[in-house]
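Before any comments, here is the structure.
The values are calculated or read from the model by the stated rules, or taken from the named source; none is laboratory data. All of these numbers come straight from a predicted model, not from anything done at the bench. Every residue, glycine among them, receives a Cβ derived from its backbone with ideal geometry; neighbour counts consider all protein chains shown.
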2 protein chains.
Amino acid sequence: MSSRTVYYLGPQGSFTHAASKQFLPRVQRASGETDSAAPSHDAASTVLQPAEHVSQIFEAVNVGGAFGVIAWENNVEGYVVPNLDGLIDAHNVVGCGRVSVNIEFDAFMLPDDVAEPTEVTAHPHGLAQCRTFTQHLGLREVPAASNAAACRDIISGQIALGPRICGELYGLATKQRGVQDYQGSRTDFLLLAPRNEARSLMVGDQKPSAEYESVVAFIPLSTGAGVLAGLLDLLRDAGLNMTSFISRPIKGHDGTYSFIATIDAAPWQSHFRSVLENIIERGDWVKTLAVYARQERPNPPVTSWMLPDGGAGGRDSLSADETATRLQAQFI
Amino acid sequence: MSSRTVYYLGPQGSFTHAASKQFLPRVQRASGETDSAAPSHDAASTVLQPAEHVSQIFEAVNVGGAFGVIAWENNVEGYVVPNLDGLIDAHNVVGCGRVSVNIEFDAFMLPDDVAEPTEVTAHPHGLAQCRTFTQHLGLREVPAASNAAACRDIISGQIALGPRICGELYGLATKQRGVQDYQGSRTDFLLLAPRNEARSLMVGDQKPSAEYESVVAFIPLSTGAGVLAGLLDLLRDAGLNMTSFISRPIKGHDGTYSFIATIDAAPWQSHFRSVLENIIERGDWVKTLAVYARQERPNPPVTSWMLPDGGAGGRDSLSADETATRLQAQFI
């Protein structure tokens, strides 16, 4: 294959497009290295292609030999659950890289627009995230189908809000950078590949000392009290650290659940491998959704001042009376 | 207090507004029964009031003695995580009721509009959920800030998409019912109350045989491998069944986590109470976020045909070779 396609959720200029650009060097390197028929392979032939629906991205990777990029988790909104469900269901698709994109909005105008701006346009979520800026300038809000569409379709007298890459893409003038109300929102994206190609995309991460993180879906074949505890006992006994864990109803089957865990290990490392063997031998179901280089992150102890208001516990040891009083407040 | 206010996320005609109407009889009953100074209290004085931001709802319940309604979980999108985080952080606020609203869109027009419709208007999510209808009629999409705003601001020649209650609220003619592409999306909402009033809102659910469900947040005061497993062992050993479980980073403290579990019991029932005592005595932190009457739901065993493609395990017992082969496919 002489050129490869990386699909992302469009239109051009979306945050997913910005994430795809971060993955591009890795895809180019892997394509150059694995295409032995063309050692001087032109890396620039890798194409970033917008898709209209995420389902088209999964399909292109699953049967079309393409790569894909999907939004995975936002630090404020949590998991992008439909994408998580899509990855659980996709047959020959696995995540093999993870990047973060800061959710920052720049304010754009047409390059030669001399009109005083009176309107601001973006997706309703974008508008909601930049209200201080909008109110300061006294602009009228004009909802758009997406931030990128707002930037593409901007007219004189309007300010469009969108990711930084929209300025260059649509030839706009930047009026102001970083106009979002809340600093610190970020979304993580996964690079998707066919299973047999995923390892080649991790080249460069594979130092002997490299540390990995895996996202794994488990489905216990029985339900009831303690099913999950039994599963987690296996992970604990192997000394595996989890950094994220959620349950999800199995699509179309009310009352059945899968569990999705992010674990500080790669499935080919022996301590994690033996847990997976154990789970399969028990008759439970398991699927590796993603493996990628572990990101640096803090792991601080929780101290009392970090705790939310209104709960019980989390302090020095309590007398039986104190415990009873604090507990009583939890009964509503 | 002679009249009570129930805040929901507006504008009028939102799905949260529809959920609030479902909670109204319960709030009226509780207000009538608890207001001993006015036994013939006019239940109709309970007011449903739209709020502009969810934070205003938490505030009104926390310090203003109001009730509130928030979106909690959608069967496709998962938890409404900002609302979950808000409830974890709110001091004197607890959920005491849960209802489901089917996410169904009706197509409305102005009542005397004889124009052939050429445009369709809704929030971009609403537009995305009704595309078959839109394409069938060949309509041009006009994004709006919300579905309710689209119905409120509709003009001649437009079709607005929104919840059923928008028809009556805005005096519109219903052109077609239930025009959403996907049948079966539903969102659950929680009724919020000050902690000392929550029990009175559960009146009628409190038969001796009543079954409850609780949503509880846990924060272990240490981090590392096995912390979560240890917590779940306590729940298992008490025979408590969990139907939902997720981890969430503690806001503003990267690398620290809270765990949110939905458990088939009420915190005042002895087997659950003793677990909570145990957790508090260990020095971990716990907070009851909600208690409500348990909904009927199926609890089927998982069988092989329900499993997604591409995983390993979940069948009859395997030989060591078969296990190894299936495992190998998980290494990517």
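Quick check: anything in the range B:221-229 among the hydrophobic types (A, V, I, L, M, F, W, C) and assigned to a strand (DSSP E or B)?
Looking only at the range B:221-229, we keep the residues that are among the hydrophobic types (A, V, I, L, M, F, W, C), and these are B:221, B:225, B:227-229.
Within this subset, residues satisfying the condition of being assigned to a strand (DSSP E or B) are none.
Checked the range B:221-229: no residue is among the hydrophobic types (A, V, I, L, M, F, W, C) and assigned to a strand (DSSP E or B).
Scan the range B:245-269 for residues that are polar (S, T, N, Q) and free of Cβ contacts under 8 Å to residues at least 40 places away in the same chain and report the count. The qualifying residues number 2.
Which of the following residues is crowded, with 22+ Cβ neighbours inside 10 Å, within 26 Å of the chain's Cα centre (by Cα) and within 14 Å of chain B (Cβ to nearest Cβ): A:A90, A:A128? It would help to see each step written out before you state the result.
Numbers: A:A128 fails: crowded, with 22+ Cβ neighbours inside 10 Å.
Just one listed residue meets the conditions, A:A90.
Count of the range B:152-175 residues, restricted to those that are crowded, with 17+ Cβ neighbours inside 10 Å and either on the phi > 0 side of the Ramachandran plot or among the small types (G, A, S) (or both), is 3. The number of residues in the range A:283-302 being modelled with pLDDT of 70 or more and facing another protein chain (nearest Cβ under 8 Å) comes to 7.
For the range A:56-78, enumerate the residues that are in a strand (DSSP E or B) and either crowded, with 20+ Cβ neighbours inside 10 Å or among the aliphatic types (A, V, I, L, M) (or both). Step through it out loud before you land on a result.
Within the range A:56-78, the subset in a strand (DSSP E or B) is A:67-74, A:78.
Once the filter is applied, which keeps residues that are in a strand (DSSP E or B) and either crowded, with 20+ Cβ neighbours inside 10 Å or among the aliphatic types (A, V, I, L, M) (or both), the range A:56-78 yields A:F67, A:G68, A:V69, A:I70, A:A71, A:W72, A:E73, A:G78.
Kindly indicate whether any position in the range B:237-250 is crowded, with 18+ Cβ neighbours inside 10 Å, more than 8 Å from chain A (Cβ to nearest Cβ), within 18 Å of A:L231 (Cβ to Cβ) and not polar (S, T, N, Q). Scanning the range B:237-250, I find at least one residue that is crowded, with 18+ Cβ neighbours inside 10 Å, more than 8 Å from chain A (Cβ to nearest Cβ), within 18 Å of A:L231 (Cβ to Cβ) and not polar (S, T, N, Q), so the answer is yes. For the range A:309-328, filtering for residues that are at pLDDT 70 or above and in a loop (DSSP other than H, G, I, E, B) leaves 4.
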